[in-house]
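The values are calculated or read from the model by the stated rules, or taken from the named source; none is laboratory data. Since the model is a prediction, treat every value here as computed from it, not as a measurement. With ideal geometry, Cβ positions are generated from the backbone for all residues, glycine too; neighbour counts draw on all protein chains shown. Just so you know, the surface numbers come from the protein's heavy atoms only, side chains and all, with ligands and any DNA or RNA stripped out. Shrake-Rupley method; radii C 1.70, N 1.55, O 1.52, S 1.80 Å.
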Amino acid sequence: MPDENQGLMATPARAPILQPDGRFENWSGRVEARPTRLEQPTSLAELQQAVRSHSGNIRVVGTGHSCTPLCATDGLLINLDRDCGVVAVDLDKRRATIRAGSKIHDLGPSLRAHGLALHNQGDVDVQSMAGAVSTGTHGTGPTLGSLSTAVRRIEMVLANGDTFSCSPEVEAEVFRCARVSLGALGVIHELELELVPAYNLHEREWKADVAQADHFLETAKQTRHLEFFWSPPRDVLYVKSLDPTDAEPDPMPDNPRECIGPSFEVFPSIREERFNEMEYAVPAERGVECFREVREVMLARYPDVMWPVEVRTLAADDIPLSPAFERETVTISVHQAAELPCDALFADTQAVFANHGGRPHWGKFHDLDAKTLAPLYPEWEAFARVRERLDPEGRFASDYLRRLLGS
Ligand SMILES: Cc1cc2nc3c(=O)[nH]c(=O)nc-3n(C[C@H](O)[C@H](O)[C@H](O)COP(=O)(O)OP(=O)(O)OC[C@H]3O[C@@H](n4cnc5c(N)ncnc54)[C@H](O)[C@@H]3O)c2cc1C
């Protein structure tokens with residue numbers, strides 16, 4: 001690995017993790033908790049010390065963008081905002097080792113400087129890489145896996161403060177599970193990522209008749225990244241495609257629905273208005289039918305919801321707790337403004353997803369528990385075994401994690 005420590009950021013300014021009164025609040029404001037203490041270590045040694053010096057439960061928070069209480073704790077809350085950056089780059093292998101707390105938006109320019117980029121990104125880029133990986137965060141593209149699938153090595157700090165490294169070659173079973181691990185195994189300190197050559201993207205957006213949704217899977221195969229948005233009041237599709245291009249960056253100010261730029265600039269949208277979101281991953285072949293049923297439910301019962309339903313594709317992977325585990329996937333998400341009631345909307349659409357074998361996004365609203373989740377994941381027990389081995393005393397557990405994982 002050449003370029004040791006290149007791009008390492010010491011103490012970047014970040015939004016505070018806790019409110020002035022000491023509360024933790026997630027991005028949408030739906031989740032609240034009161035940790036006894038917040039630790040923001042600046043190095044591996046400080047992280048180990050933080051873990052060793054606390055005898056109770058520990059949770060880790062990245063950017064706090066998850067809608068579910070994954071980061072809620074009344075124990076120690078750890079955040080790695082002060083230990084970020086690219087540690088090393090291997091150009092031959094197209095890999096980079098990064099501090100896990102690095103924000104996705106900081107990685108873009110740092111990796112571009114080495115001629116590299118993430119293979120895909122989601123709607124926003126404010127998440128920490130560890131937080132995004134830990135919940136299986138994804139973009140769109142039928143051949144493209146979630147960000148978790150780019151991980152090639154994980155270094156974490158376990159409950160006793162020791163470091164633990166895993167990869168496909170070393171501790172392979174732990175590695176398989178640790179790529180989507182909800183902060184339940186340890187504190188991820190470093191990630192080695194497999195990258196692709198830096199690329200520009202050409203973004204286009206257009207309106208289409210809702211009947212075009214029937215051809216979503218075929219159309220998605222003709223484009224690297226295709227998705228559509230739909231909401232009841234308009235009942236049309238807003239389709240967005242992103243395709244790699246050799247053309248030079250061009251903001252195309254005369255056409256706000258089109259632009260060309262470096263991938264890391266084109267992928268993210270700015271989401272300033274807060275919302276709550278539920279997303280389910282359904283088998284790809286059921287995606288269109290599932291969307292049609294969600295549309296029927298929303299037209300009949302929630303005709304005024306302005307926030308769009310978002311439909312994307314996701315490649316299958318082999319990660320036991322990944323919503324795309326061993327199946328080509330269509331993801332469908334339902335949003336509602338943070339200040340408006342969403343429980344009935346989410347309950348009614350969740351029932352549709354359940355009928356299609358949907359698996360919930362771990363970072364977005366759902367009300368499933370271990371009893372309902374386990375049958376959806378053929379390798380549920382594999383994760384449980386790894387968790388039992390790495391965290392036998394449940395130091396990284398919380399009430400919510402126990403509900404989710406069953407112990
Ligand atoms: C506006 C918005 C847009 C979004 N867009 C997308 C999208 O396009 N695609 C998609 O799939 N999802 C999307 N999400 C969901 C989001 O990507 C996930 O919830 C993600 O986990 C948030 O990252 P975070 O850094 O905020 O993690 P947090 O919410 O802070 O944490 C998530 C999980 O990761 C764990 N964790 C964090 N850091 C570590 C660490 N160092 N070690 C171990 N565990 C850790 C936490 O304990 C928790 O279990 C979006 C969410 C919002 C609010």
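Values as computed for the structure displayed
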{"read-out": "Hits in region 57-79 - residues which are outside any strand (DSSP E or B) and either over 17 Å from the mean Cα position of the chain (by Cα) or more than 9 Å from the ligand (Cβ to nearest atom) (or both)", "value": "Asn57, Pro69, Ala72, Thr73, Asp74, Gly75"}
{"read-out": "Test: Ala338 is open to solvent by 20 Å² or more (accessible area, probe 1.4 Å), in contact (Cβ under 8 Å) with a residue 12 or more places away in the chain, within 16 Å of the ligand (Cβ to nearest atom) and not charged (D, E, K, R)", "value": "yes"}
{"read-out": "Among the residues listed as Glu203, Glu190, the single one being within 10 Å of the ligand (Cβ to nearest atom) and part of a strand (DSSP E or B)", "value": "Glu190"}
{"read-out": "Region 98-132, residues that are of a type outside the set (D, E, K, R), within 12 Å of the ligand (Cβ to nearest atom) and in a loop (DSSP other than H, G, I, E, B)", "value": "Ala100, Gly101, Ser102, Asn120, Gln121, Gly122, Val124, Val126, Gln127"}
{"read-out": "Gly145 being open to solvent by less than 30 Å² (accessible area, probe 1.4 Å), within 15 Å of the ligand (Cβ to nearest atom) and farther than 26 Å from Glu381 by Cα", "value": "no"}
{"read-out": "Every residue from region 203-218 that is open to solvent by 60 Å² or more (accessible area, probe 1.4 Å), in contact (Cβ under 8 Å) with a residue 40 or more places away in the chain and in contact with a strand residue (DSSP E or B) (Cβ under 8 Å, 6 or more places away or on another chain)", "value": "Arg204, Glu205, Trp206"}
{"read-out": "Output for region 221-231, where each listed residue is surrounded by 16 or more Cβ atoms within 10 Å (Cβ to Cβ), more than 16 Å from the ligand (Cβ to nearest atom) and either assigned by TED's automatic domain parsing to the domain that holds Arg112 or not aromatic (Phe, Trp, Tyr) (or both)", "value": "Thr223, Ser231"}
{"read-out": "Subset of region 378-394 (residues that are open to solvent by less than 30 Å² (accessible area, probe 1.4 Å) and not in a helix (DSSP H, G or I))", "value": "Asp391, Gly394"}
{"read-out": "Ala150 vs. criteria surrounded by fewer than 19 Cβ atoms within 10 Å (Cβ to Cβ), within 30 Å of Ala220 (Cβ to Cβ) and among the aliphatic types (A, V, I, L, M)", "value": "no"}
{"read-out": "Single unsatisfied condition, Leu80 versus (1) under 26 Å from Ala281 (Cβ atoms); (2) buried (at least 19 other Cβ atoms within 10 Å of the Cβ)", "value": "(1)"}
{"read-out": "Which listed residue is part of a loop (DSSP other than H, G, I, E, B), in contact with a Cys (Cβ under 6 Å, 6 or more places away or on another chain) and either open to solvent by less than 10 Å² (accessible area, probe 1.4 Å) or within 21 Å of Glu277 (Cβ to Cβ) (or both), from Pro320, Pro303", "value": "Pro320"}
{"read-out": "Search result, residues across region 41-53 that are within 15 Å of the ligand (Cβ to nearest atom) and open to solvent by 10 Å² or more (accessible area, probe 1.4 Å)", "value": "Thr42, Ser43, Leu44, Glu46, Gln48"}
{"read-out": "Flag if Ala132 is open to solvent by less than 20 Å² (accessible area, probe 1.4 Å), at pLDDT 95 or above and assigned by TED's automatic domain parsing to the domain that holds Arg295", "value": "no"}
{"read-out": "Qualifying residue in region 249-268 (condition: open to solvent by less than 40 Å² (accessible area, probe 1.4 Å), within 14 Å of the ligand (Cβ to nearest atom) and outside any helix (DSSP H, G or I))", "value": "yes"}
{"read-out": "Candidate set: region 164-179, residues that are open to solvent by 10 Å² or more (accessible area, probe 1.4 Å) and within 13 Å of the ligand (Cβ to nearest atom); chosen: the one nearest to Phe264 (Cα to Cα)", "value": "Arg179"}
{"read-out": "Yes/no for Glu190 being of a type in the set (D, E, K, R), surrounded by fewer than 19 Cβ atoms within 10 Å (Cβ to Cβ) and either over 18 Å from the mean Cα position of the chain (by Cα) or at pLDDT 95 or above (or both)", "value": "no"}
{"read-out": "Filter result for Arg234 (out of contact with any strand residue (DSSP E or B) (no Cβ under 8 Å at 6 or more places or on another chain) and either within 22 Å of Pro268 (Cα to Cα) or in a loop (DSSP other than H, G, I, E, B) (or both))", "value": "yes"}
{"read-out": "Flag for Arg152 being within 12 Å of the ligand (Cβ to nearest atom) and not assigned by TED's automatic domain parsing to the domain that holds Arg274", "value": "no"}
{"read-out": "Flag if Leu38 is of a type in the set (A, V, I, L, M, F, W, C) and either open to solvent by 40 Å² or more (accessible area, probe 1.4 Å) or at pLDDT below 95 (or both)", "value": "yes"}
